[in-house]
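Read the figures in this text as sums done on the coordinates, not as results from a lab. Quick caveat: nothing in here was measured; it's all calculated off a predicted structure. Here Cβ is always computed from backbone atoms with ideal geometry, including for glycine, and neighbour counts include all displayed protein chains.
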């Protein structure tokens with residue numbers, strides 16, 4: 001939305017949180033349930049273009065808005081496929097796109113019928129986000145108990161996905177125009193925080209050979225081509241220890257794996273998304289210099305957020321903090337990110353370490369130990 005302020009584009013926002021960060025910059029802000037069909041229809045009745053920031057939006061409403069002549073990006077049928085992890089996995093298989101072996105099951109009781117897939121990850125087919133809705137299962141992990149299964153969604157439709165040995169997790173952003181033109185950003189390397197199953201930081205370009213980077217881009221382009229609709233596709237990939245690239249999942253929107261593009265590329269993922277909404281030409285995806293993005297994740301409990309170390313970080317050349325303006329922090333919640341740019345990967349290592357040491361988001365009047373210790 002912030003990017004749209006550079007253009008003559010009026011942006012209205014619908015969000016269930018009355019204190020959502022977008023409330024202060026939207027031309028019109030409405031509080032409402034994104035999953036409620038009538039709410040979405042009423043909100044967008046006067047819109048020319050309808051887009052999403054998260055997958056959990058009522059698809060039937062988007063289909064109806066498209067029928068009424070609205071431009072909807074991503075296409076509602078693309079969103080219907082992607083927001084259901086089972087349909088998404090079936091889509092990859094149907095289009096010959098490599099992904100990890102899997103089975104679609106109806107809850108934990110059916111795991112034993114697919115012992116050939118173990119060890120595996122059990123994933124809820126819908127509703128998962130930011131590391132939620134994923135659980136390891138197999139000989140080394142106890143199966144989830146019935147009460148917890150019912151509370152967390154693991155006793156309903158799930159994907160049982162075989163665990164593969166991963167050398168690196170990658171992501172490639174692809175932007176696709178109305179005419180079918182596609183451009184892919186440089187692959188990024190994602191490093192996860194095991195505490196929250198969230199990205200701790202990413203670096204661009206990924207530390208892989210040029211031929212492997214080209215292979216990753218081509219695979220991501222195949223995914224966007226298969227979906228066949230304009231928009232932005234964040235394609236997450238596994239690079240296995242055997243050197244095989246597999247598609248993990250796709251997000252049809254601006255994505256955490258592309259936040260570095262705000263400073264590191266001439267046309268950011270948000271600029272590209274606006275171009276897709278408006279039917280404008282695609283932007284330049286070239287990387288200006290090596291860059292890293294470090295997530296600022298809430299630590300130390302719940303409360304009014306304070307950002308520690310921000311002034312020191314602002315004195316650091318090539319560091320660009322982004323504080324999202326959320327009114328409440330809690331442990332594991334994404335509260336912002338920092339992009340750092342450097343001349344090479346060795347300098348990026350230093351910048352990542354410095355950022356993680358200096359900058360934290362904690363409740364007001366709280367303190368926290370250095371997470372690098």
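Note on Rg and Dmax of the Cα atoms in Å: of the candidates (i) 21.4, 68; (ii) 20.6, 57; (iii) 24.3, 70, the value calculated from this structure sits at (ii). If I stretch the segment between residue 211 and residue 353 completely, what's the gain in nm (0.36 nm per residue apart, minus their alpha carbon distance), one decimal? Taking 0.36 nm per residue and subtracting the Cα distance, the gain is 48.2 nm. The ranking of 327, 89 from fewest to most other beta carbons within 10 Å of each one's beta carbon is 327, 89. Take the Cα of residue 323, step 7 Å toward its Cβ, do the same at residue 343, and the gap between the two points is 3.2 nm. Listing 43, 19 from fewest to most neighbouring C-beta atoms within 10 Å gives 19, 43. As a length-normalised measure over Cα pairs under 8 Å and 6 or more apart, the relative contact order of the chain settles at 13 percent.
With the cut-off at 1.5 for a/c, could you classify the range 2-73 from its C-alpha gyration tensor as rounded, prolate or oblate?
Working: a/c = 1.98, a/b = 1.24, b/c = 1.61.
Oblate is the answer for the range 2-73, as a/c is 1.5 or above yet b/c matches or exceeds a/b.
When each of 158, 22, 359 is scored by the number of other beta-carbon atoms lying within 10 Å, the sequence from fewest to most is 22, 359, 158.
Once you have the Cα-Cα distance between residue 240 and residue 178, take 0.36 nm times their residue separation minus that, and quote the gain in nm to one decimal.
On the way: separation 62, 0.36 × 62 = 22.32 nm, distance 3.38 nm.
Between residue 240 and residue 178, full extension yields 18.9 nm more.
Could you identify which residue out of 177, 268, 289 has the top mean-square fluctuation in a GNM of the chain using Cα springs shorter than 10 Å? Judging by the Gaussian network model, the answer is 289.
What FRET efficiency would be calculated for the residue pair residue 38, residue 278, taking the C-beta separation as r and a Förster radius of 25 Å, to the nearest 0.05?
My answer for the efficiency is 0.35.
Can you tell me how much longer the chain between residue 302 and residue 315 gets when fully stretched, taken as 0.36 nm per residue apart minus their C-alpha distance, in nm with one decimal? Before the final figure, lay out each step's value.
Numbers: separation 13, 0.36 × 13 = 4.68 nm, distance 2.84 nm.
Working it through step by step, the gained length comes to 1.8 nm.
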